[in-house]
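What follows is a set of notes on a single structure, which appears directly below.
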């Protein structure tokens, strides 16, 4: 469904991604792990078009996305839950969701379904984005991405800065999406959360992929833990 081949990306003249190659299959949950500064978020931004690669290719459902603007990529079926949540603080919960609503080939996400899955958002649908807690904002960011009815969902650090109880809720949401067959590319610092969800994973270091495998094979590699994940 998604394939990155030898992707190189830069911030100005700083070479951040140095030949990243990875893939996400239909119905597959894939993790992207690594320390801060490894290039994970830059990979997500390259896929969605915020940082177009200078070399390499990004192909989604047989179409080359390289160089296309973000709005075209989003319309093509890729949903994004960005790092830092990115909710519109001056809009209500309901407005955040309805502005993102789009018919698509996904699993039929509507406003009613979003409020059913995230009842707290239904309770606070008239509240503005800046009146929500961090956990509520994260749920809103996830629900907003689902309202685009994506065929592939990119999630960048969905558990970042959240209380353990909210992290468990986010984990339950991810598990449900996986059961429904929504393909996921998950960037996550919470190793246990990621390993519980993904089918395969990649580990990045200094802009390159240094490991590809299953959660079981990662757990068996203690050297990899210490060197690239700090655990």
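Residues of the range 6-15 being more than 18 Å from residue 211 (Cβ to Cβ) and in contact with a strand residue (DSSP E or B) (Cβ under 8 Å, 6 or more places away or on another chain), which ones?
8, 9, 10, 15
Listed residues 153, 186, 224, 192; which is within 30 Å of residue 55 (Cα to Cα) and without any contact (Cβ under 8 Å) to a residue 60 or more places away in the chain?
Result: 224 is the single residue among 153, 186, 224, 192 that is within 30 Å of residue 55 (Cα to Cα) and without any contact (Cβ under 8 Å) to a residue 60 or more places away in the chain.
Quick check on the range 39-57: of everything there that is closer than 23 Å to residue 145 by Cβ and more than 16 Å from the chain's Cα centre (by Cα), which residue is surrounded by the fewest Cβ atoms within 10 Å (Cβ to Cβ)? Walk me through how you get there before you give the answer.
Just the residues of the range 39-57 that are closer than 23 Å to residue 145 by Cβ, to begin with: 39-53.
After this cut, where a residue has to be more than 16 Å from the chain's Cα centre (by Cα) as well, the list is 52-53.
On the way: 52: 16, 53: 24.
Only one residue tops the list, namely 52.
Any idea which of (1) part of a helix (DSSP H, G or I); (2) surrounded by fewer than 18 Cβ atoms within 10 Å (Cβ to Cβ) is the one residue 189 doesn't satisfy?
(1)
On the basis of being touching a residue at least 12 places away in the same chain (Cβ under 8 Å) and over 22 Å from residue 42 (Cα atoms), does residue 140 make the cut? Full working, then the answer.
Working: touching a residue at least 12 places away in the same chain (Cβ under 8 Å): yes; over 22 Å from residue 42 (Cα atoms): yes.
In short, yes.
Somewhere in the range 6-23, is a residue surrounded by 22 or more Cβ atoms within 10 Å (Cβ to Cβ) and farther than 30 Å from residue 230 by Cβ?
Restricting attention to the range 6-23, the residues satisfying the condition of being surrounded by 22 or more Cβ atoms within 10 Å (Cβ to Cβ) are 7, 9, 17, 20.
The next check asks that each one be farther than 30 Å from residue 230 by Cβ; those that pass are none.
Checked against the condition, which is being surrounded by 22 or more Cβ atoms within 10 Å (Cβ to Cβ) and farther than 30 Å from residue 230 by Cβ, the range 6-23 yields no hits at all.
Looking only at the range 192-231, filter to residues that are surrounded by fewer than 18 Cβ atoms within 10 Å (Cβ to Cβ) and under 17 Å from the mean Cα position of the chain (by Cα); which one of those is nearest to residue 171 (Cα to Cα)?
The residue in question is 196.
Condition first: under 22 Å from residue 3 (Cα atoms) and part of a loop (DSSP other than H, G, I, E, B). Can you find one or more residues in the range 214-225 that meet it?
Checking the range 214-225: at least one residue is under 22 Å from residue 3 (Cα atoms) and part of a loop (DSSP other than H, G, I, E, B).
Bear in mind these aren't lab numbers, they're just calculated from the coordinates by the rules spelled out. Keep in mind it's a predicted model, so treat the numbers as computed, not measured. Heads up, the Cβs are rebuilt from the backbone with ideal geometry, glycines too, and the neighbour counts pull from every protein chain shown.
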